[in-house]
Amino acid sequence: PTCPAPTSLSCTANTSTTISLSWTAGGSETDWTVSYKDHSAADWTNATTINVTSNTYIITGVTSGSTYDIRVQANCSSTDNSSWSNVITVSPGSINMTSGTQTITSCGITLYDDGGLLGTYSNSFNGTTTINPDVSGNRVVISGTFYVESCCDHIYVYDGTSTSGTLLHTYQGTG
């Protein structure tokens, strides 16, 4: 290939029927192929592929409760493609954390680390996820189970729309 593979493929948001993606171009390319398949499929033979001209894309028509494997490659020219990016595994109705900062206003979602439902999170992963109601004055309820290592994983809960709000609680270990 004459151009490097895209990096940092991630799910930035989704609903029960859509998956929003973003990635970093490996070079100066401006054309990519997004490929996705049912997670249970043994290989990529029958995967759905879409050519796109932006490093963000929203996959539509997916099924809530299903799990999908997604990857992207750069189209270096009409006859040359990069290798495929990392594969991410996403379930509509869930969101994988990204490095940096992201904001969630959807309800009824499951939040995973950057490894997703079935993957392993990255070494030294560091991300901030802000969960806000989509209507000012509404409340956010977070329920479920989370697992963090007591040595080095932390979950901080703030009152407000950023880490400058009042720190309400810190979680370490199994919660």
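Which of the residues belonging to segment 130-160 are at pLDDT below 75, open to solvent by 80 Å² or more (accessible area, probe 1.4 Å) and in a loop (DSSP other than H, G, I, E, B)?
Residues satisfying the conditions are Asp134, Ser136, Asn138, Arg139, Val141, Ile142, Ser143, Thr145, Glu149, Ser150.
Among residues belonging to segment 29-38 that are in a strand (DSSP E or B) and either open to solvent by 40 Å² or more (accessible area, probe 1.4 Å) or among the polar types (S, T, N, Q) (or both), point out the one that is farthest from Pro1 (Cα to Cα).
If we take residues in segment 29-38 being in a strand (DSSP E or B) and either open to solvent by 40 Å² or more (accessible area, probe 1.4 Å) or among the polar types (S, T, N, Q) (or both), then Asp38 is farthest from Pro1 (Cα to Cα).
Thr89 - would you say it is in contact with a Phe, Trp or Tyr (Cβ under 8 Å, 6 or more places away or on another chain) and polar (S, T, N, Q)?
yes
Being within 30 Å of Ile155 (Cβ to Cβ) and either without any contact (Cβ under 8 Å) to a residue 60 or more places away in the chain or not β-branched (Val, Ile, Thr) (or both): is that true of Thr79 here?
On the way: within 30 Å of Ile155 (Cβ to Cβ): no; either without any contact (Cβ under 8 Å) to a residue 60 or more places away in the chain or not β-branched (Val, Ile, Thr) (or both): yes.
Answer is no for this residue.
Considering only segment 39-128, give the strands (runs of 3 or more DSSP E) lying wholly within it that have at least 1 residues that are surrounded by fewer than 13 Cβ atoms within 10 Å (Cβ to Cβ).
Details: elements: 48-52, 56-60, 68-77, 88-90, 94-96, 100-104, 110-112.
Passing ranges, in order: 48-52, 56-60, 68-77, 100-104, 110-112.
Quick one: Thr163 ticks every box in (1) exposed (fewer than 15 other Cβ atoms within 10 Å of the Cβ); (2) out of contact with any Ser or Thr (no Cβ under 6 Å at 6 or more places or on another chain); (3) modelled with pLDDT under 80 bar one, so which box is it?
(3)
The values are calculated or read from the model by the stated rules, or taken from the named source; none is laboratory data. The structure presented is a predicted model; accordingly, all values stated were derived computationally and were not measured. Cβ: placed from backbone, ideal geometry, glycine included. Neighbour counts: every protein chain shown. These accessible areas exclude ligands, DNA and RNA; they are computed on the full protein's heavy atoms, side chains included. Shrake-Rupley method; radii C 1.70, N 1.55, O 1.52, S 1.80 Å.
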